[in-house]
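Undergrad: The structure that follows is given in the form of structure tokens.
The values are calculated or read from the model by the stated rules, or taken from the named source; none is laboratory data. Please read these numbers as outputs of a predicted model, since none were measured by experiment. For neighbour counting, all protein chains shown are included, and Cβ atoms are generated from backbone atoms with ideal geometry for every residue, glycine included. Note: accessible area is taken over every heavy atom of the protein model, side chains too, but ligands, DNA and RNA are not part of it. Shrake-Rupley method; radii C 1.70, N 1.55, O 1.52, S 1.80 Å.
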Amino acid sequence: MRVCWAVLISGRGSNLSALLDYPDEIPVSIVVSSKAGVDGLLKARRAGVPTLVLERKIDWPGLTALLRASGVTHICLAGFMRIVPAAFVAEWRGHIVNLHPSLLPKYPGLESIAVAHAAGDEIGVTVHEVDEGVDTGRVILQRRSLLSDEARAYPLALAEFMVHVTEQRLLTRVVRTLSSGFLGGPR
Ligand code: GRF
């Protein structure tokens, strides 16, 4: 089965942009944004990838139908700021991944970098399968961006920058690997 991605975003799209740097290895059929006018949509359009904006109440079964019709086999949540309902997760189970800026299970939810930084704790990134919980699915890959000593020494803005660099590298690595059929391949 040829892997084909939908990338769901809500904002800047720096992680989307990193994925779009590998068009031969990471086929992206569509970018879906929960917000209109965000930079991520511009990045998709510049790369020639079709976009869809779903700002209000999302018709999740309708979205599944549209994605399937577009040949999508896998979904990547890259800064997507909406809760994905359980029925949608069940529909895509094992084929939907999320990027989270912490070393899960530490610091799930919002403001993870700021909370870890305020605690003087190590900071990193996780790519995980999506399940019905918030940032609870099986971890695929994690990487630390800062040791706790560094988190205490560096200002928050620098910590955030380092995490964002790690995010792009880690997400790209996981999505490329999944696209090539490794990590167990498409189920
Ligand atoms: C990333 O930090 C991601 O981990 C978080 O939202 C941010 C999205 O950034 N959930 P971008 O839109 O990919 O630039």
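Undergrad: Tell me, what is the FRET efficiency for V139 and R46 to the nearest 0.05, using R0 = 25 angstrom and their Cβ-Cβ distance as r?
TA: 0.20
Undergrad: Put +1 on the Cβ of every Lys and Arg and -1 on every Asp and Glu Cβ in the chain; which of G13, V134, P50 then has its Cα farthest towards the positive end of the dipole?
TA: So the residue we want is P50.
Undergrad: Let me ask you something else. Over all distinct alpha-carbon pairs, what is the Kirkwood Rh of the chain in angstrom?
TA: Its Kirkwood hydrodynamic radius stands at 16.7 Å.
Undergrad: Is there a quick way to get the dipole size of the chain? I mean about its Cα centre, with the Cβ of Lys and Arg at +1 and of Asp and Glu at -1; what is the value in debye to the nearest 20?
TA: My answer is approximately 480 debye.
Undergrad: How many Å² of accessible area per residue for segment 16-73, probe 1.4 Å?
TA: 54
Undergrad: Calculate, for segment 113-187, the solvent-accessible area per residue in square angstrom, rolling a 1.4 angstrom probe over the heavy atoms of the protein chains.
TA: 51
Undergrad: Another question, then. Could you order the peptides 173-179, 3-9 from most to least packed, using the average number of other C-beta atoms within 10 Å per residue?
TA: 3-9, 173-179
Undergrad: Please list, in order, the residues from segment 45-75 whose amide nitrogen is less than 17 Å from a point placed 7 Å along the Cα→Cβ vector of M1.
TA: Once the point is set 7 Å along Cα→Cβ of M1, 64-75 turn out to lie under 17 Å by backbone N, inside segment 45-75.
Undergrad: What dipole magnitude, in Debye to the nearest 20, does segment 84-143 give about its Cα centre under +1 on Lys/Arg Cβ and -1 on Asp/Glu Cβ?
TA: Values: 4 positive and 8 negative charges, 29 e Å.
Around 140 debye, computed over segment 84-143.
Undergrad: Continuing with this model, one more query. Taking the dipole about the Cα centre of the chain, with the C-beta of Lys and Arg at +1 and of Asp and Glu at -1, give me whichever of P61, P105, H164 is farthest to the positive side.
TA: Projecting each Cα onto the dipole axis, the largest value belongs to P61.
Undergrad: Of the accessible area of segment 78-187, with the probe set at 1.4 angstrom, what percent is carbon plus sulfur?
TA: On segment 78-187, the fraction of accessible area on carbon and sulfur atoms equals 57 percent.
Undergrad: While we're on this one: Select from the chain the helices, each a whole stretch of DSSP H, whose alpha-carbon atoms run 15 Å or more along the helix axis and whose Kyte-Doolittle mean is at least 0.5; answer none if there are none.
TA: Taking the DSSP H segments of the chain (at least 15 Å long, mean hydropathy at least 0.5), we get 156-179.
Undergrad: Based on the mean of other Cβ atoms within 10 Å per residue, sort peptides 151-159, 56-64, 18-26 so the most packed one is first.
TA: 18-26, 151-159, 56-64
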